[in-house]
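Here the structure comes first, spelled out in structure tokens, and everything after it is commentary.
The values are calculated or read from the model by the stated rules, or taken from the named source; none is laboratory data. Computed from a predicted model, the values in this text were never measured in an experiment. Positions of Cβ are generated from backbone atoms using ideal geometry, with glycine treated the same way; all protein chains shown enter the neighbour counts. SASA here: full protein model, heavy atoms, side chains in, ligands and nucleic acids out. Shrake-Rupley method; radii C 1.70, N 1.55, O 1.52, S 1.80 Å.
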Amino acid sequence: MKILSVLAGVLITTTALAQVNEVYWCGQYAAQQKLFESRPGLSDEARAAEEELTAYTRWYESEREGDEQIYTIPVVFHIIHNNGPENISDEQVYNAIEIMTRDFRKQNADINFVQPEFQGITADCHIEFKLATRDPQGNCHSGINRVQSTLTYDGGNHAMKQLINWPRSKYLNIWVCHDAGDAAGFSNYPSSVASSWEAYLDGIVVRYDYVGSIGESNETRSRTLTHEAGHWLNLRHLWGNSNEPGDPNNCNLSDDVADTPPTIGHTSCILRAHTCDGTLDNVQNYMEYSYCSNMFTMGQRARMRAALTSSVASRNQLITQQNLIATGVINPPLCSAKFISDKKTVCAGEEVTFMDKSYHGIIAWSWNFGDGVILEGNDPNIHKNPTHVYQTPGYYSVTLTVTNGTDSETVTYDQYIRVQEPGQIDYNFYESFEGAWPNEYFTVDNQDNGITFEITPTAAYSGSKSLKLRNHGNTNIGNKDVLYTAIFDLSNVTNAQLSYKWAYTNKIPSTNDQLIISFSGDCGNTWDIRRTRDGLSNLMTAQPTNAQFTPTSTDQWSGEILSIGFDHWLTDRFQARFEFEGRGGNNFYLDDINITGDFPVGVKEIKPLYALGVYPNPSQGDMTLELLMENSDHVAIDLYNSVGQAVENIWTGHLSGGKHVFQMQHQAAGLYTIVIKKGEHIGIQKVIFE
């Protein structure tokens, strides 16, 4: 058969485009041309390496074709992301590795659907892929790196690979990015990167939505890495060295594999196609683009195993016992116990699902949920990611101990779960952050355990304090800090509203920090986004500055009122969430977070009156009440204790339109209610004196 040039392009179709007979072309052909142009003589070196590998392949096919040894390839994923969907989950990576091994070991269920003419040559390649568990220095590692960079949008650029690459003699490097050179994925052949100068380019680049079958990807796209690993192991497309599948001239080309019939190449699943010499095309081959791929042939198996045992591009060093131990594929070390949960704040009787993120080689788990319940065992279906129900309100520390049968690791997260009673706080809640912090009304999720929401006395919309997030010096781009309210009872409330004040400005040039406000009516089990604000449009309240931003007047603050109007929010399990994502901008401030509504059904609201704030609340001294009157009218404001006795008349008389400020004298410790009357309209506000 014809020996092919090292130059080859990789054709990838997307699911949506394939439906209209359009294709994604891989950027490999152009990238390889650019590579050869970047260093004179490189193409000659690549051709010499190809000749060497071709000669070795011929020897392997004649002398070692029956070799049944299982070869294992250590893999490291480098997820290059800019905090977008391309920052795929660990689970999606695990799924992709499983699919690669499944396909190469002929363990895919759809192998049974191979056309009868090819059933006899479907191949178990005896090649497996496993995530490395040690880094190049021998340290314990997850096998997944995450690097934040805008180069994720330019995955065909060599600079992206220069961000991070591990020795190709020890690992198969897989880079995940947002845009893989306008393709689903591409890989260099061993011969084209055989030189040590090009070693950093050796590996696979793949779009994030073509990794595995879950998460951002899907089943249709799940064979992309199988295809690209074929290229990495020296397989051509079935139609040979052509960038034009479907071209009749492809019948004159070859993939240099004896048992794959000539074909013009397919971008759709025409199973009984005969396009060249009257033989049936192997449309279901992984090196086709029919999107019904499910097999390698025995000839392809031999060619890949030859590449893997050849010294070209150091492939044979990957599979040695010494390297499998060094990369942790054999005897993976146990070095980290950690976990996450699907929620940290719940109502009594609600489920919390915990997810083990420990590594490596875990065979047994012991969970102490902090409420007297301990779950131990070695069944991953039960003990790896358990669900637990907390019955009693309070804060609970959670401990996980994992073992690999020899060693064990333990981690405890203090006060990790907060359990609340449904409706523990009534509506008409005002928080101006003048009192103690943290308090029972808010919970903070500090995702990177770094700087997070804190009280500042240097800025406020009302009073003297506010909540600040020191975002100016944040280097952890994309980090989120989340502020959760307590659980409120809005089950008998109409015209419910959440209001808040905020202050923020941008740096120069502009940065796209983001604030997302969400509501939940089921104790945080599900969330609905209510408002999104970002630094490029509607988050700024002051002029941009590269200095530390501190608002110096109310003119540098803004505010809004969000209606809590849907029935699925108006429950005794209402919760609000303020989620701030830092992307290199400036400081952010919150103040006067209020949740208000009508008195119980049947009592009219004070339409012209809006309470701006009560602070400090709780208070160890006097308390300030601010009201905004839309129109002038007669108003009575009284303070009642917990048994319904009036203890102070704050105001009785006529009030003009506009803002009014009242001082309330300190009372004995306890819960009080401010009642505001205007004609037949009534409004109330709970306050606490300490």
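At a glance:
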| read-out | value |
| --- | --- |
| Close pairs from region 665-678: first of a type in the set (G, A, S), partner in a strand (DSSP E or B), Cβ under 6 Å, at least 6 apart | A669/F689 |
| Some residue of region 198-221 being surrounded by fewer than 24 Cβ atoms within 10 Å (Cβ to Cβ), of a type in the set (K, R) and closer than 26 Å to L151 by Cα | yes |
| Residue within region 520-533 that is at pLDDT 95 or above, under 26 Å from the mean Cα position of the chain (by Cα) and buried (at least 20 other Cβ atoms within 10 Å of the Cβ) present | no |
| Residues (closer than 21 Å to R305 by Cβ and of a type in the set (S, T, N, Q)) located in region 142-200 | S169, N173, S187, N188, S191, S192 |
| Residue among T406, T410 that is at pLDDT below 95 and open to solvent by 50 Å² or more (accessible area, probe 1.4 Å) | T406 |
| Any hit, region 378-393, residues being more than 30 Å from D356 (Cβ to Cβ), touching a residue at least 12 places away in the same chain (Cβ under 8 Å) and open to solvent by less than 40 Å² (accessible area, probe 1.4 Å) | no |
| Those residues of region 553-574 which are part of a loop (DSSP other than H, G, I, E, B), closer than 22 Å to Q514 by Cα and β-branched (V, I, T), in sequence order | I564 |
| Any chance D90 is among the acidic types (D, E) and over 20 Å from the mean Cα position of the chain (by Cα) | no |
| Residues within region 65-106 that are touching a residue at least 24 places away in the same chain (Cβ under 8 Å), of a type outside the set (D, E) and open to solvent by 30 Å² or more (accessible area, probe 1.4 Å), tallied | 9 |
| Residues within region 308-335 that are open to solvent by 20 Å² or more (accessible area, probe 1.4 Å), part of a helix (DSSP H, G or I) and of a type outside the set (S, T, N, Q), tallied | 2 |
| Test: residue in region 199-211 that is touching a Ser or Thr at 6+ places or on another chain (Cβ under 6 Å), more than 30 Å from A313 (Cα to Cα), touching a residue at least 40 places away in the same chain (Cβ under 8 Å) and not small (G, A, S) | no |
| Residue list for region 453-484, restricted to those being hydroxyl-bearing (S, T, Y) and either in contact with a Gly (Cβ under 6 Å, 6 or more places away or on another chain) or at pLDDT 90 or above (or both) | T456, T458, Y461, S462, S464, S466, Y484 |
| Which numbered condition N546 misses (of (1) closer than 22 Å to G478 by Cα; (2) among the polar types (S, T, N, Q); (3) open to solvent by less than 40 Å² (accessible area, probe 1.4 Å)) | (3) |
| Flag if R146 is under 17 Å from N173 (Cβ atoms) and open to solvent by 60 Å² or more (accessible area, probe 1.4 Å) | yes |
| Check on Y610, among the aromatic types (F, W, Y), within 30 Å of T532 (Cβ to Cβ), open to solvent by 30 Å² or more (accessible area, probe 1.4 Å) and modelled with pLDDT under 85 | yes |
| Top-ranked residue of region 342-368 - restricted to ones that are open to solvent by 20 Å² or more (accessible area, probe 1.4 Å) and part of a strand (DSSP E or B), ranked as nearest to T406 (Cα to Cα) | A364 |
| Residue in region 484-495 that is loosely packed, with under 15 Cβ neighbours inside 10 Å and closer than 22 Å to K344 by Cβ present | no |
| Search result, residues across region 127-137 that are open to solvent by less than 30 Å² (accessible area, probe 1.4 Å) and not hydrophobic (A, V, I, L, M, F, W, C) | T133, D135 |
| Qualifying residue in region 467-480 (condition: surrounded by fewer than 20 Cβ atoms within 10 Å (Cβ to Cβ), hydroxyl-bearing (S, T, Y), out of contact with any helix residue (DSSP H, G or I) (no Cβ under 9 Å at 6 or more places or on another chain) and in a loop (DSSP other than H, G, I, E, B)) | yes |
| Filtered residues of region 277-303 (kept if in contact with a helix residue (DSSP H, G or I) (Cβ under 8 Å, 6 or more places away or on another chain) and in a helix (DSSP H, G or I)) | M298, G299, Q300, A302, R303 |
| Which listed residue is at positive phi, of a type in the set (D, E) and open to solvent by 30 Å² or more (accessible area, probe 1.4 Å), from D124, D182, D154 | D182 |
| E117 being outside any strand (DSSP E or B) and farther than 27 Å from F339 by Cβ | yes |
| Complete set of residues in region 413-426 that are surrounded by 15 or more Cβ atoms within 10 Å (Cβ to Cβ), part of a strand (DSSP E or B) and of a type outside the set (V, I, T) | Y413, Y416, R418, Q420, D426 |
| Near pairs, Cβ below 7 angstrom, 6+ apart or cross-chain, from region 502-516 (at pLDDT 95 or above and of a type in the set (S, T, N, Q)) to any residue that is assigned to a strand (DSSP E or B) and open to solvent by 10 Å² or more (accessible area, probe 1.4 Å) | none |
| Test: residue in region 281-291 that is over 25 Å from S191 (Cβ atoms) and open to solvent by 30 Å² or more (accessible area, probe 1.4 Å) | yes |
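This table checks each residue for (1) under 25 Å from the mean Cα position of the chain (by Cα); (2) aliphatic (A, V, I, L, M).
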position: P116; (1), (2): no, no
position: G120; (1), (2): no, no
position: D124; (1), (2): no, no
position: F129; (1), (2): yes, no
position: S142; (1), (2): yes, no
position: L151; (1), (2): yes, yes
position: N157; (1), (2): yes, no
position: L163; (1), (2): yes, yes
